[in-house]
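The block underneath contains the structure these notes are about, expressed in structure tokens.
Bear in mind these aren't lab numbers, they're just calculated from the coordinates by the rules spelled out. Small disclaimer: the values here were computed from a predicted structure and weren't measured. Cβ sites come from the backbone with ideal geometry, for glycine too, and all protein chains shown count toward neighbours.
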Amino acid sequence: MTQTMVAVHKATMRDIPKILSLINSYAANGIMLPRTEFEMSENIRDFSVAYDGDLLVGCGALHFYTPTTAEVRSLAVLPAIKQHGIGRAIVESLEEEARENDLEAIFAFTYSPGFFARLGFAEVERGELPLKAWKDCLRCPKFQNCDEIAVLKRLRAPSLDAMRREHIPDFGELIQLPVPARVTFR
């Protein structure tokens, strides 16, 4: 398989079962967080998919957190065909989407910092990322002992207004957030 045979495009609702199968196969090995059909339905517009013919060979999402930043998340490639440029094609497609939306930066949490470094990302301290990015971390079994590496790619210099507007708290502030003892839905 070569990269030229792979078509990357925005995901549709029909892609959900295939995306779930791919993501949850990684989740079963503790590499990604599991996703549900409900979560996928809510977030399908974030996703792009890579197909080789009718075969889903990869997926990834661009999840917006602030008017200037987004996370590359849920990046997965069929294990049997890694190292064929599929992950690169997906990330490049997501980066193009970020540029079209005039974002200043994209970031990711990863176990493969070398892959992202080859695409122009640099390792950063977690505290440099928006607090909202940690919401999924709260449900992760590795939350207190996270071994993922934060990476960031600047797409353009931040505007002065954005620097004034955005306070990026450190990890300690997240831990101090009050957690409700019980939530009741009526």
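So for the pair ILE81, ASN24, with labels modelled 7 Å out along Cα→Cβ, what separation do we get in nm?
2.2 nm
Which of TYR111, TYR26 comes first, and how do the rest follow, when ranked by fewest Cβ neighbours within 10 Å? Show your work: numbers first, answer last.
On the way: TYR111 11, TYR26 17.
Final ranking by Cβ density, sparse to dense: TYR111, TYR26.
When a footprinting reagent is the concern and you count Cβ atoms within 10 Å, what order do LEU55, LEU22, LEU155 take, fewest first? Could the numbers behind the result be given before it?
Values: LEU55 12, LEU22 22, LEU155 17.
Ascending Cβ contact count within 10 Å gives the list LEU55, LEU155, LEU22.
Listed highest first by mean packing, meaning other Cβ atoms within 10 Å per residue, what order do 47-53, 59-65, 123-129 come in? Intermediate values should be presented prior to the final figure.
Working: 47-53: 19.0, 59-65: 21.6, 123-129: 14.7.
Going by the mean number of other Cβ atoms within 10 Å, highest first, we get 59-65, 47-53, 123-129.
Say each of MET13 and ARG88 gets a label point 7 Å from the Cα, pointing the same way as Cα to Cβ; how far apart are those two points in nm?
3.7 nm
What distance in nm separates the two pseudo spin-label positions at ARG118 and ARG154, each 7 Å out from Cα along the beta-carbon direction?
The two pseudo-label positions are separated by 2.5 nm.
Can you list residues from other chains, or at least 5 along the same chain, whose modelled amide H is less than 5 Å from the amide H of LEU75?
ALA61
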